[in-house]
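The structure under discussion appears below in the form of structure tokens.
The values are calculated or read from the model by the stated rules, or taken from the named source; none is laboratory data. Remember, predicted model here, so these are calculated numbers, not experimental data. Neighbour counts run over all protein chains shown; Cβ positions are idealised from the backbone, glycine included. To get the accessible areas, we keep the full protein, side chains included, count just its heavy atoms, and leave off ligands, DNA and RNA. Shrake-Rupley method; radii C 1.70, N 1.55, O 1.52, S 1.80 Å.
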Amino acid sequence: MKKWLSMLLLVSMTASLLAACGSSNSGSADKGGNEAGSGGTKKVVAWAWDPSFNGAALKIAEDLYKKDHPDFQLEVIDMAKTDLEQKLNTNLAAGVKDGLPDIILVNDPNIQKYVTAYPGTFADFKEKVDFTQFSPYKVDALRIEDKIYGVPFDIGVTGMFYRVDYLEEAGYKAEDLENITWDEYIEIGKVVKEKTGKYMATINPNDEALTSILLQSAGSWYITPDNKGNFVDNPAMTETLRVYKAIADSGIAKPVTGWSEFVGSFNAGDVATVVSGVWQIASIMDAQDQSGKWRVAPIPRLNVEGGVNASNEGGSSWFVLEESANKDLAIDFLASTMGSSTEFYERFLTENGGVGSFIPAFSSEVYNQKPEFFGGQAIYSDFTRWSTEVPGISLGMYTQEAKDALKNELPNILNGADLTQSLANIQKHFEQQVQ
């Protein structure tokens, strides 16, 4: 039995026990706080993490929706991401629907896992939203067979943030960073290190963010669409790990061991570039003394067929539970705001620094703003343009298991192990994880 299904069995037993203990009170409440029998209520309940970002976005949507639906009410229940996922899995595995919300935030890599493990649990939005208005790769993450689950939310389209002063000191101009390969990036990094004493980037052997960015830029992933390991006989995977090792071997990357060290490296001015998602803007701007010294270029590309200078890191989407007493209202709320409103995305960017994948919003003045911190570059316009170039992929059911298998072998790869044998080892370890 798959590891995922084994976990579901465990949480199912736990939930069944909890449900039995609380059965005497089961009629008092429903849907995460709505009163029982409240099918006609104008209120919907949503679960989300990060109230200053995800919760704030829901409040913007509520403000907009209430213009035409003044009786509408939204209750946002904030909880940590891991707690939300555990509670959802526990209830669904046990078939306990009482206490669940109408709307729930889902991390994109978990989409197929949830939909496959819990068939019939989530509502189909295919006929409710014009998905041609969104960046294709974001929609691909929601599409399973002939249905599209949920509404796309924030994205993690990637860019190469760089210190213009360091690059100029090393003899490079902005155009020298446009549409380059990773091998060219490494060579530039060597010159930067020699001329300025600064590292080109960071590297963390315990984090798979960079390998994920590289893989998706070539339209590939750790697993195949049918959830098989995708490590052996995969040119994009082989090239990804070759580049990763080349960066480590070149001496251009500063070793870091966690998020704090990673952010500290560029806030302290130790590195010349940061390859990351658009959401990294806020962390970079924390170093106000560096205002005007940063720019953004497209990420480097893998030298393989289908490789492009665009990728993604992170992102989430909004789901509605199929058996919600307020399903139609919840669907209409999301479809009318995040699913079709340019005003929502303008406010989301202005008030929370969030970038979505709703293409009609990309031409608005808000997306064309030119922050002084980035030297007057229209960075949001650039990021949204790159988002339309990101290859769509199937994230599958076992992304985390595949990443764990990779990280288990990564130290050997960095220490010079034969790459072909390492890829076979990763494939075998992944298969053992999910069997």
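Please tell me the relative contact order of region 260-407 in percent, rounded to the nearest whole number, where contacts are Cα pairs under 8 Å and at least six residues apart.
Rounded, it is 25 percent for region 260-407.
List the residues, sorted by chain then number, that are 5 or more residues from residue 388 or on another chain and whose placed amide H is less than 5 Å from its amide H.
none
Just to be sure I understand: with springs between alpha-carbon atoms less than 10 Å apart, which residue in 108, 124, 289 has the highest mean-square fluctuation in the Gaussian network model of the chain?
Maximum among the listed residues: 289.
Let me check I have the definition right: for region 115-244, take the eigenvalues of the Cα gyration tensor, multiply each by 5, take square roots. What are those semi-axes in whole Å, largest first?
Equivalent ellipsoid semi-axes, largest first: 37, 19, 12 Å.
Hey, which aspartates and glutamates would be in cross-link range of residue 228, C-alpha to C-alpha under 20 Å, not counting anything within fewer than 8 residues on its own chain?
Those aspartates and glutamates meeting the cut-off are 108, 140, 145, 208, 239, 401, 404, 409, 431.
What spacing in nm lies between the two simple spin-label points modelled at residue 369 and residue 242, each 7 Å away from Cα in the Cβ direction?
4.3 nm
With Cβ to Cβ distances under 10 Å as the rule, what net charge do the other residues near residue 277 carry (K, R +1; D, E -1)?
-2
Give me the percent relative contact order of the chain, please, defined on Cα pairs under 8 angstrom at least 6 residues apart.
25 percent
Leaving out ligands and nucleic acids, and using a 1.4 Å probe, what accessible area per residue does region 67-161 come to in Å²?
40 Å²
Students often forget the sequence filter, so: which aspartates and glutamates lie under 13 Å Cα-Cα from residue 198 once same-chain residues fewer than 8 apart are removed?
Within the straight-line limit of under 13 Å, residue 198 reaches these aspartates and glutamates: 165, 168, 169, 270.
Give the value in nm², to one decimal: projected area of the alpha carbon convex hull of region 290-336, averaged over all directions.
7.4 nm²
Top mean-square fluctuation among 225, 70, 119, Gaussian network model of the chain, C-alpha springs under 10 Å?
The residue with the greatest mean-square fluctuation here is 119.
Check cross-link reach from residue 59 to the lysines: straight Cα distance under 22 Å, and skip same-chain residues fewer than eight apart.
Correct list for residue 59: 31, 42, 43, 67, 81, 128, 327.
Let's test the formula: R0 of 25 Å, r as the Cβ-Cβ distance of residue 226 and residue 206. What FRET efficiency results, to the nearest 0.05?
My answer for the efficiency is 0.30.
Among the DSSP beta bridges whose two residues both lie in the chain, what percent are antiparallel, rounded to the nearest 5? Kindly include the intermediate steps, with their values, before the conclusion.
On the way: 27 of 40 bridges.
Taking every DSSP beta bridge within the chain, about 70 percent pair in antiparallel fashion.
Using 7 Å Cα-to-Cβ label points, what is the residue 388/residue 303 separation (nm, one decimal)?
3.1 nm
Got a sec to turn the phi values of region 170-179 into Karplus ³J(HN,Hα) couplings, 6.51 cos²θ - 1.76 cosθ + 1.60 with θ = phi - 60°, whole Hz, x for Gly and Pro?
8, x, 10, 10, 4, 5, 6, 9, 7, 6
Pop out the carbon and sulfur fraction of the accessible area of the chain as a percent, whole number, probe 1.4 Å.
On the chain, the fraction of accessible area on carbon and sulfur atoms equals 47 percent.
Quick one: accessible area per residue over region 242-286, 1.4 Å probe, rounded to a whole number of Å²?
On the way: 1680 Å² over 45 residues.
Roughly 37 Å² per residue, with all protein chains present.
Using a Gaussian network for the chain with springs between C-alpha atoms less than 10 Å apart, which of these wobbles most: 265, 336, 52?
It is 52.
Calculate, in nm to one decimal, what residue 69 and residue 147 gain on full extension: separation in residues at 0.36 nm each, minus their alpha carbon distance.
Details: separation 78, 0.36 × 78 = 28.08 nm, distance 2.82 nm.
Value of the extension gain: 25.3 nm.
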